[in-house]
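A.B. asks: Here it is, the structure, as structure tokens.
The values are calculated or read from the model by the stated rules, or taken from the named source; none is laboratory data. Given the structure is predicted, the values throughout are model-derived calculations rather than measurements. Quick reminder, even Gly has a Cβ in these numbers, built from the backbone with ideal geometry, and neighbours come from all protein chains shown. Heads up: the accessible areas ignore ligands, DNA and RNA and are worked out on the full protein's heavy atoms, side chains in. Shrake-Rupley method; radii C 1.70, N 1.55, O 1.52, S 1.80 Å.
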Amino acid sequence: MISGATDRPLIFLDVDGPLIPLSSRPAGRRTFRDEELGGYGNPLLHRLDPDEGQRLLALNCELVWATTWTADANEVISTLLGLPELPVVEWPDTAEDPPYGLHWKTEPITEWAAVRPFIWLDDELTEADRQWVASHHGSRALLHRVDPHTGLTKADYSLIRRWLAE
């Protein structure tokens with residue numbers, strides 16, 4: 001779970017979709033060049049925005065990987081984005097479908113957060129997840145669906161900053 005918990009809100013980060021968009025980045029937006037990727041094998045890593053790490057750190061929240069990349073997110077994504085090593089949500093090893101039609105990450109993330117406020121950035125969130133968290137989590141939570149074709153945008157960051165200021 002959480003070691004050294006603070007009062008800062010948590011931000012749970014998915015990788016594929018929010019940080020690595022399904023579509024190429026629009027012209028004029030920075031991406032990684034092949035020589036900057038250090039030989040990592042994933043051909044989609046060039047779609048990462050090299051400035052994303054600084055934008056995430058500027059939110060002054062505790063960042064947590066909530067991705068199927070698990071510990072590889074620290075080895076690859078944190079390294080490329082200039083992020084420190086982040087905690088990683090460990091997913092339960094179960095073949096059961098989640099109850100209530102929820103995303104399979106919803107209950108583990110809510111449990112990991114305990115009573116701390118959190119933001120969850122993912123491209124697969126639904127209203128069922130929002131309703132379940134609202135009724136099962138003892139603090140504020142923003143479950144924000146990021147468009148998987150564009151990844152995180154200025155509008156997403158504006159929404160996050162407004163929520164944090166409330």
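A.B. asks: Open to solvent by 50 Å² or more (accessible area, probe 1.4 Å), hydroxyl-bearing (Ser, Thr, Tyr) and in contact (Cβ under 8 Å) with a residue 60 or more places away in the chain, is that true of Thr150?
C.D. replies: yes
A.B. asks: Here's something else I'd like to know. Name the residues in the stretch 138-161 that are farther than 16 Å from Cys61 by Cβ and more than 13 Å from the chain's Cα centre (by Cα), would you?
C.D. replies: Gly138, His149, Thr150, Thr153, Lys154, Ala155
A.B. asks: Which one of these does Leu22 not meet: (1) part of a loop (DSSP other than H, G, I, E, B); (2) buried (at least 17 other Cβ atoms within 10 Å of the Cβ); (3) hydrophobic (A, V, I, L, M, F, W, C); (4) modelled with pLDDT under 95?
C.D. replies: (2)
A.B. asks: With the requirement that a residue be under 19 Å from Gly53 (Cβ atoms) and not basic (Lys, Arg), what does the stretch 124-154 give you?
C.D. replies: If the condition is that a residue be under 19 Å from Gly53 (Cβ atoms) and not basic (Lys, Arg), then His144, Val146, Thr150, Gly151, Leu152, Thr153 are the ones that fit.
A.B. asks: Which helices (runs of 4 or more DSSP H) does the stretch 27-145 wholly contain that include 2 or more residues that are under 22 Å from Ile160 (Cα atoms) and touching a Ser or Thr at 6+ places or on another chain (Cβ under 6 Å)?
C.D. replies: The qualifying helices (runs of 4 or more DSSP H) are 127-136.
A.B. asks: For the stretch 39-54, which positions are surrounded by 11 or more Cβ atoms within 10 Å (Cβ to Cβ) and over 19 Å from the mean Cα position of the chain (by Cα)?
C.D. replies: Once the filter is applied, which keeps residues that are surrounded by 11 or more Cβ atoms within 10 Å (Cβ to Cβ) and over 19 Å from the mean Cα position of the chain (by Cα), the stretch 39-54 yields only Tyr40.
A.B. asks: Against the conditions (1) more than 19 Å from Asp7 (Cβ to Cβ); (2) modelled with pLDDT of 95 or more, where does Gly101 fall short? Just the number, please.
C.D. replies: Checking Gly101 against (1) more than 19 Å from Asp7 (Cβ to Cβ); (2) modelled with pLDDT of 95 or more, the one that fails is (2).
A.B. asks: Among the numbered criteria (1) over 21 Å from Trp65 (Cβ atoms); (2) open to solvent by less than 20 Å² (accessible area, probe 1.4 Å), which single criterion is violated by Leu125?
C.D. replies: It fails just one condition, (1).
A.B. asks: What pairs come up if the first residue lies in the stretch 49-60 and is closer than 16 Å to Pro18 by Cβ, the second is open to solvent by 80 Å² or more (accessible area, probe 1.4 Å) and not in a helix (DSSP H, G or I), and their beta carbons are under 7 Å apart, counting only those six or more places apart or on different chains?
C.D. replies: Matching pairs, first to second residue: Asp49/Arg30; Pro50/Arg30; Asp51/Arg30.
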